[in-house]
Structure formats: structure tokens, C-alpha cells
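Below is one structure; the comments refer to it alone.
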Amino acid sequence: MWLWFHKLGSPKYFWTISGRLIPWLGGVTGVLMAVGLYLGLFVAPPDYQQGESYRIMFIHVPSAWNSMFIYLVMAVSAAIGLIWKMKVADSVAAASAPIGASFTLATLVTGSLWGKPMWGTWWVWDARLTSELILLFLYMGFMALQSTIEDRQKAARASAVLAIVGAVNVPIIYYSVIWWNTLHQPPTLSMAGTAAIVPSMLIPLLILAFAFKFFYVTVLLMRTRCEVLERERNSAWVQELAQEADTNLTPALSRSRAE
Amino acid sequence: MSEFFHMGGYAFYVWSAYAVTFAVLLVNVIVPLRAEQKLLREIARKAARAKRDML
């Protein structure tokens, strides 16, 4: 009885709550982004070795952290979906994949744009760069499985297995600069807490890292809302919602012509 | 100000990196917004058609 009630009430509840949360999350993201960019671009001094080019790091590192963090969220929620058959978890995994893939792409492109003037090359088959590229392929594989398998449940199952197996790549990316002493420099911040970076550069980096995390949560909710809408399309509340939205979106003229 | 845009000679690399990243952020916002609108419209159309067919 409770389960039935919960199932019935929950998607609409999620829709309402997330609708209220999104503007706030977006606002926090915007403020953090503005403050971080201001401190990073105007206040932080140029680097004594790299000059101004190091400012790419302020967006490169938060993108890279997001690319790994989102993968872990995706793998864990896919695993939850696989084990406990939780549909919300499947939705979170599916919604995370394109977001994570886009941050991985941003990481690779911004890294490349930094590597060209600093290393003298756009790309090297360094351990860090290669494992990050593999991360992009894992995201793309996940999305390909999701879109090619018709049956929703089968798609969720197959892609969950891929996500879980692929998760070994995340620690490999993280430790790659320590295990293989190739071109990419060691981490800017280590888990041990000692930062090889001065506060005037560290603070904007951390603020932007938080901004990117808030951004992820915001767009994740937005995508999950679409997912819920799609799945609940035949329910009364979605029908009502669609009716309302359609009247607001369609100009009166074209509506009357259609009728 | 022009010194700021010059970025110590790294203008192309720095501003391209920022442009790419913000393009990625923008796409991530626009895609779900448009998807939601499109889906709501489609659901409304389908409901209207179903109603018409019933009559």
C-alpha cells in the first residue's frame, strides 16, 4: 500500500521540488562562477614560469574534476539501478552521461590549448591525456548503448555494466601522473592536502570547482525532469502540464488555424 | 584593458579555452530547456489528436 502510494506520488513530487530548486542552484552557480572568474582573471597574478597562459587552469582543472566526478556518479547510480532496479537511479545515470562527456571534451580541448604554447604540442600520448581520452570513449559507449537498445530496461542493464567496468579508469586517470612519469605535471592539489599553489591562485580555482559542481547538479536536475516527463507522459498531471504549456507557448493565431 | 585581452601573448589560447568551456556550459543548459518544451508540446498535440479522434 505504502509502496503503491509512494510510486504514485513521487514523480510529481520530484517535478515540483526540482522546479523550485533549479533557480536557486542556478543562482548559486552563477554567483560562484562570476566571483571565481573575477578572482582568476583579474586578481590572481601571472605565473612566474607560464605567464598568463596558466589562467586556462582555472577552467581546465574544474572541468577535469567534473569529468571524473560525474563518471563516478554515473557508475554508482547505474549500479544502484542494476542491483535494486531503481528507475530514478537509471535516469540519473542516463542524464549524467552527456554532461560528463561534455566536460571531458572541455578538459581535453582546454588542455590541448594550454599544451600547445607550454609543451609545444597539441597532443601527446601521455598517460594522463590517454586515460582522459579513454574516459570520453567510455561516456560515448554508454550513450551509444542507451540509444541503440530499444528496450529501456535492457539498455539500462547493458550500459550499467559498461559504466561499472569502466570505473577502473577513474583512479587510473587520477594516479596516472604519479605512476607514469610522463609529460603531464603532478596534481595541483593532492589528497594529502598540501597545495603546490599560492592562495591567490588556489582560491579562484576552488571557487570555480564548486561552481562547476553546482552547475552539474543544476543541469542534472533539468535533464532528469525531462526524463520524468517522458516516463509519466500518460499521467493526468503531465497531461495537464502539457496543456498549460502549449497554450502559453503557441501563439493564438496558429492555434486557431490548427483548429 | 587591451593588456588584459592580450593575455601576455597567449590571448588565442586563453580565450579559446574559455570560449570552448562556456560553449559547453551553454549547450548543457539549452539542451534540456528545449527538450522539455518540445516534449510538453508533443504531449499536448497527442492529447488533442486523441480527443479529436474520440469525437
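The values are calculated or read from the model by the stated rules, or taken from the named source; none is laboratory data. Since this is a predicted model, take the numbers as computed values, not measurements. Heads up, the Cβs are rebuilt from the backbone with ideal geometry, glycines too, and the neighbour counts pull from every protein chain shown.
Scanning segment A:110-137 for residues that are more than 20 Å from residue A:180 (Cα to Cα) and buried (at least 20 other Cβ atoms within 10 Å of the Cβ) returns A:110, A:113, A:114.
Looking at residue B:33, is it under 24 Å from residue A:108 (Cβ atoms) and assigned to a helix (DSSP H, G or I)? No: the conditions fail for residue B:33. A search for C-beta distances below 7 Å between a residue of segment B:21-38 that is closer than 12 Å to residue A:102 by Cβ and any residue that is surrounded by 13 or more Cβ atoms within 10 Å (Cβ to Cβ) and of a type in the set (S, T, N, Q), counting only pairs 6+ apart in sequence or on different chains, returns B:21/A:63; B:21/A:110; B:24/A:102; B:27/A:102; B:28/A:102.
Given the criteria modelled with pLDDT under 95 and within 16 Å of residue A:218 (Cα to Cα), does residue A:89 qualify? In short, no.
With respect to residue A:120, determine if the residue is closer than 16 Å to residue A:60 by Cβ and either charged (D, E, K, R) or out of contact with any helix residue (DSSP H, G or I) (no Cβ under 7 Å at 6 or more places or on another chain) (or both). No: the conditions fail for residue A:120.
Can you find a residue that is in a loop (DSSP other than H, G, I, E, B) and not polar (S, T, N, Q) anywhere in segment A:11-27? No, because not a single residue in segment A:11-27 is in a loop (DSSP other than H, G, I, E, B) and not polar (S, T, N, Q). The residues of segment A:38-53 that are out of contact with any helix residue (DSSP H, G or I) (no Cβ under 7 Å at 6 or more places or on another chain) and either more than 11 Å from chain B (Cβ to nearest Cβ) or in contact (Cβ under 8 Å) with a residue 24 or more places away in the chain (or both), listed by number, are A:38, A:48, A:49. In the set (1) within 8 Å of another protein chain (Cβ to nearest Cβ); (2) closer than 30 Å to residue A:46 by Cα; (3) under 20 Å from the mean Cα position of the chain (by Cα); (4) of a type in the set (A, V, I, L, M), the condition left unmet by residue B:7 is number (3).
None of B:14, B:29 is at the interface with chain A (Cβ under 8 Å from one of its Cβ atoms), closer than 26 Å to residue A:120 by Cβ and either among the β-branched types (Val, Ile, Thr) or surrounded by 18 or more Cβ atoms within 10 Å (Cβ to Cβ) (or both) except B:14. Close Cβ contacts (under 7 Å, 6 or more residues apart or on different chains) running from residues in segment A:1-20 that are basic (Lys, Arg) to residues that are modelled with pLDDT of 85 or more comprise A:12/A:237.
This table checks each residue for (1) surrounded by fewer than 17 Cβ atoms within 10 Å (Cβ to Cβ); (2) hydroxyl-bearing (Ser, Thr, Tyr).
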position	(1), (2)
A:29	no, yes
A:41	yes, no
A:52	no, no
A:69	no, no
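Is there a residue in segment A:107-120 that is at pLDDT 95 or above and under 15 Å from the mean Cα position of the chain (by Cα)? Yes, because at least one residue in segment A:107-120 is at pLDDT 95 or above and under 15 Å from the mean Cα position of the chain (by Cα). Being within 14 Å of chain B (Cβ to nearest Cβ), surrounded by fewer than 21 Cβ atoms within 10 Å (Cβ to Cβ), in contact (Cβ under 8 Å) with a residue 12 or more places away in the chain and closer than 22 Å to residue A:65 by Cβ is the requirement here; does residue A:140 meet it? Spelling it out, it is not the case that residue A:140 is within 14 Å of chain B (Cβ to nearest Cβ), surrounded by fewer than 21 Cβ atoms within 10 Å (Cβ to Cβ), in contact (Cβ under 8 Å) with a residue 12 or more places away in the chain and closer than 22 Å to residue A:65 by Cβ.
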